[in-house]
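Any read-out appearing in this document is the output of simple, stated calculations on the displayed coordinates, not a laboratory observation. Values in this document were obtained by computation on a predicted structure and should not be read as measured data. A quick note on method: Cβ atoms are made from the backbone with ideal geometry, for glycine too, and the neighbour counts reach across all protein chains shown.
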Amino acid sequence: EKGGFASFMDKEIHDQPQAVADTLLGRTDIAGRLVLDDLRIDESVLRSIDKIVVIACGTAAYAGHVAKYAIEHWCRIPVEVELAHEFRYRDPVVNSRTLVVAISQSGETMDTLMAVRHAREQGSKVLAICNTHGSTIPRESDAVLYTHAGPEIAVASTKAFLSQITAAYLLGLYLAQLRGNKFADEIAEILGQLRAMPDKIQQVLDRAESIRQTAREMVDTSSVLFLGRHVGFPVALEGALKLKELAYIHAEGFAAGELKHGPIALIEEGQAVFVIVPSPRGRDSLHSKVISNIQEIRARGARTLVIAEDGDTDVLPYADVVFYVPQCPTLLSPLLATVPLQIFACELATSRGLDVDQPRNLAKSVTVE
Ligand code: F6R
């Protein structure tokens, strides 16, 4: 059933082009308008919401972070992202004008379920983004957007993560359509860009040998840092989480801009640092800011492992190793930049002789609070 792969995780990493394509499939009606699966929320309610709160745990919460950047940009609705277990126990300000989005692969995570119940008690509508049909969280929610990643067997989430991000983009575009934030042709253009992503993910997979090689060389590494900015920040957090879970190595993700506010003190000779570099074609000088960050850490002895977009030669003078990914719009880039980090964690853990499908102390779904 592993389809010739050494582990379920490796297989599921390679399933990602299909998982994203399937999550995008069949989402438009005859008129070309986006539709959700099981919508028991009145459209007038969705038009009048003034805030979105995303609740989730672990990797699913990082998908929520990506959702925040996209939905706020496209819909101009404030989006908060909160760990479900924190949300539940801090008396959050939510009401009937808040749309709560619960993201969960399994649909059974107790922390997320308790937060869903709490939000509904406060009068909020809850929309679930979930990979498991008929599971508890979608059953207890007012609407569902199913990810079609197929069953995820490996404990560490990979294809579910990319599918959750994809579903969140669809939700953002759906709300933009409903609330009139964007014209139909703008939505169609973004959908077209999204539909091009599975092929680009495949290209990243086809280029994976160099990242595997790097991972094997780093088998004895004891600490790896990950830096990202904008949507690259949740990608950095996810890269660090995968490495902790699978390889039991100390790993931390930071917002690149936060470096000088503390974490730069950690940089010493030989410290491995992944840097997720935003597209040089994007606006807002984000790219040059991150290039300066690479320069700063390199000058202090860091070994820099850079993920950059095809054609970005600005990174070359400061990168010990570069992994190039295809060009795409910045908001969609987590679908590409995450993949080398998944492969890195999987390969490094495998080189250490560890079972990547069943990491120690972890369960696939956490059904206790
Ligand atoms: C990380 C991982 C976990 C889950 C988290 C939420 O690889 O798998 O962090 O993402 O436990 O699980 P779900 O999505 O099932 O609610």
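Mean residue ellipticity at 222 nm, helices only, the chain: -13500 deg cm²/dmol; runs of at least 4 DSSP H residues each add -39,500 (n - 2.57), and the sum is divided by the number of residues.
Long hydrophobic helices in the chain, taken as whole DSSP H segments with a C-alpha length of 24 Å or more on their own axis and mean Kyte-Doolittle hydropathy at least 0.5: 159-179, 334-351.
Projected onto their three principal axes, the Cα atoms of the chain cover extents of 57, 43, 42 Å, largest first. Taking the chain as a Gaussian network of alpha-carbon nodes connected by springs under 10 Å, the highest mean-square fluctuation of the residues Lys289, Lys244, Lys260 belongs to Lys260. Can you list the chymotrypsin sites (Phe, Trp or Tyr not before Pro) in the stretch 57-95 that are in a DSSP coil and have 14 or fewer other beta carbons within 10 angstrom? Passing sites in the stretch 57-95 are Tyr89.
Counting only pairs 8 or more places apart or on different chains, how many lysine pairs in the stretch 159-253 have C-alpha atoms closer than 24 Å?
Details: Lys159/Lys200; Lys159/Lys242; Lys159/Lys244; Lys200/Lys242.
Lysine pairs satisfying the spacing and distance rule in the stretch 159-253 number 4.
Taking Cα atoms of the stretch 190-328, Rg/Rh with Kirkwood Rh, to two decimals? Rounded to two decimals, Rg/Rh equals 0.95. Per-residue Cβ neighbour counts within 10 Å put Cys346, Cys57 in the sequence Cys57, Cys346, beginning with the fewest.
With the biggest extent put first, the Cα atoms of the stretch 2-150 measure 50, 41, 29 Å across the principal axes. Applying the Karplus relation 6.51 cos²θ - 1.76 cosθ + 1.60 with θ = phi - 60° to the stretch 352-367 yields 3J(HN,Hα) values of 7, x, 9, 8, 6, 7, 10, x, 4, 6, 10, 10, 5, 10, 9, 9 Hz, where x marks Gly and Pro.
What you get for the stretch 276-347, charging only the Cβ of Lys and Arg (+1) and of Asp and Glu (-1), is a dipole of about 200 debye around the Cα centre. Of Arg76, Arg298, Arg212, the residue with the greatest mean-square motion in the GNM of the chain, using alpha carbon springs below 10 Å, is Arg76.
Highest mobility in the GNM of the chain, judged by mean-square fluctuation with C-alpha springs under 10 Å and restricted to Val273, Val339, Val35, is found for Val35.
Note: relative contact order over the chain, using C-alpha pairs below 8 Å and six or more positions apart, is 19 percent.
When DSSP beta bridges are restricted to pairs lying wholly in the chain, around 5% turn out antiparallel.
Fewest-first ordering of Asp185, Asp50 by other beta carbons within 10 Å of each residue's beta carbon gives Asp185, Asp50.
The slack between Arg139 and Glu296, meaning 0.36 nm per residue of separation minus the straight C-alpha distance, is 51.6 nm.
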